[in-house]
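Structure first, commentary second.
Laboratory data are not the source of any read-out in this text; all were calculated from the coordinates shown. Here the structure is a predicted model, which is why all the values come from computation and not from measurement. Cβ coordinates were reconstructed from backbone atoms using ideal geometry, including for glycine residues, and neighbour counts include every protein chain displayed.
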């Protein structure tokens with residue numbers, strides 16, 4: 001399974017891009033894959049093909065009315081492991097000995 005964090009930003013739409021980011025989150029939410037939104041991007045969990053399909057759909061939607069898009073992708077693959085979107089955080093919290101802000 002893959003954890004994929006990505007950020008996709010239109011570069012030609014000024015300072016406030018949340019309407020464009022919201023469209024991507026609508027695609028992500030409707031996908032049914034586990035995800036976590038954070039202030040600098042979104043983490044998806046699924047097979048390689050599943051997460052890349054979502055990134056492609058977000059890009060295609062954004063490119064409909066954005067002529068320049070910056071995309072950053074970070075990926076972590078671990079064979080046979082699922083539920084890592086939660087378990088990685090819980091593992092670190094157990095070592096610190098308390099719940100952390102997530």
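Tabulated data
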| read-out | value |
| --- | --- |
| Options 66, 58: the member that is touching a strand residue (DSSP E or B) at 6+ places or on another chain (Cβ under 7 Å) and assigned to a helix (DSSP H, G or I) | 58 |
| Hey, residue 81 in a loop (DSSP other than H, G, I, E, B) and surrounded by 13 or more Cβ atoms within 10 Å (Cβ to Cβ) or not | yes |
| Qualifying residue in region 36-53 (condition: surrounded by 12 or more Cβ atoms within 10 Å (Cβ to Cβ), farther than 21 Å from residue 102 by Cβ, touching a residue at least 60 places away in the same chain (Cβ under 8 Å) and within 12 Å of the chain's Cα centre (by Cα)) | no |
| Positions within region 23-42 being touching a strand residue (DSSP E or B) at 6+ places or on another chain (Cβ under 7 Å), over 18 Å from residue 84 (Cα atoms) and assigned to a loop (DSSP other than H, G, I, E, B), in sequence order | 40 |
| Residue in region 65-77 that is over 10 Å from the mean Cα position of the chain (by Cα), over 13 Å from residue 7 (Cα atoms) and free of Cβ contacts under 8 Å to residues at least 40 places away in the same chain present | yes |
| Residue check, residue 75 assigned to a strand (DSSP E or B), surrounded by 11 or more Cβ atoms within 10 Å (Cβ to Cβ) and on the phi < 0 side of the Ramachandran plot | yes |
| Single unsatisfied condition, residue 7 versus (1) part of a loop (DSSP other than H, G, I, E, B); (2) within 8 Å of the chain's Cα centre (by Cα) | (1) |
| Selection count where residues are farther than 25 Å from residue 47 by Cβ and either touching a residue at least 40 places away in the same chain (Cβ under 8 Å) or loosely packed, with under 10 Cβ neighbours inside 10 Å (or both), scope region 84-93 | 0 |
